[in-house]
Amino acid sequence: DVFQSHEEDDRKVRRREKNRVAAQRSRKKQTQKADKLHEEYESLEQENTSLKREIGKLTDEMKHLSEVLKDHEKICPLLHCTMNFVAVPRPDALASCLPR
């Protein structure tokens with residue numbers, strides 16, 4: 001029957017169109033997901049670079065403070081006191097070791 005054949009053709013066309021739209025939607029979704037992952041990657045790369053820079057600064061500061069401490073230990077009266085077992089150091093000796 002010609003009418004039935006025409007209906008089947010219409011259904012095939014509608015099914016193909018529906019499938020085409022679904023495939024388009026799926027590709028768009030994949031593209032959006034890939035774009036989002038790329039943005040996240042870029043953001044993490046920037047954060048990583050920033051953290052590495054911070055590590056470098058803190059490492060330099062630690063080296064500097066270690067040197068300052070080493071120099072201070074050479075002249076610190078608290079470390080060279082023969083009575084360093086005393087629980088409360090003399091205020092004048094302690095004052096010379098504290099930063100001003």
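A few notes on this one:
- Here region 1-80 has 54 percent of its accessible surface on carbon and sulfur atoms, given a 1.4 Å probe and all protein chains in place.
- In terms of Cα atoms, the Rg and Dmax of region 1-80 work out to 34.1, 113 Å.
- Accessible area in square angstrom per residue, region 1-80, 1.4 angstrom probe: 98 Å²
- Of all lysines in the structure, those lying under 29 Å Cα to Cα from Lys36, and not within fewer than 8 positions of it along the same chain, are Lys18, Lys28, Lys52.
The values are calculated or read from the model by the stated rules, or taken from the named source; none is laboratory data. Please read these numbers as outputs of a predicted model, since none were measured by experiment. Note: accessible area is taken over every heavy atom of the protein model, side chains too, but ligands, DNA and RNA are not part of it. Shrake-Rupley method; radii C 1.70, N 1.55, O 1.52, S 1.80 Å.
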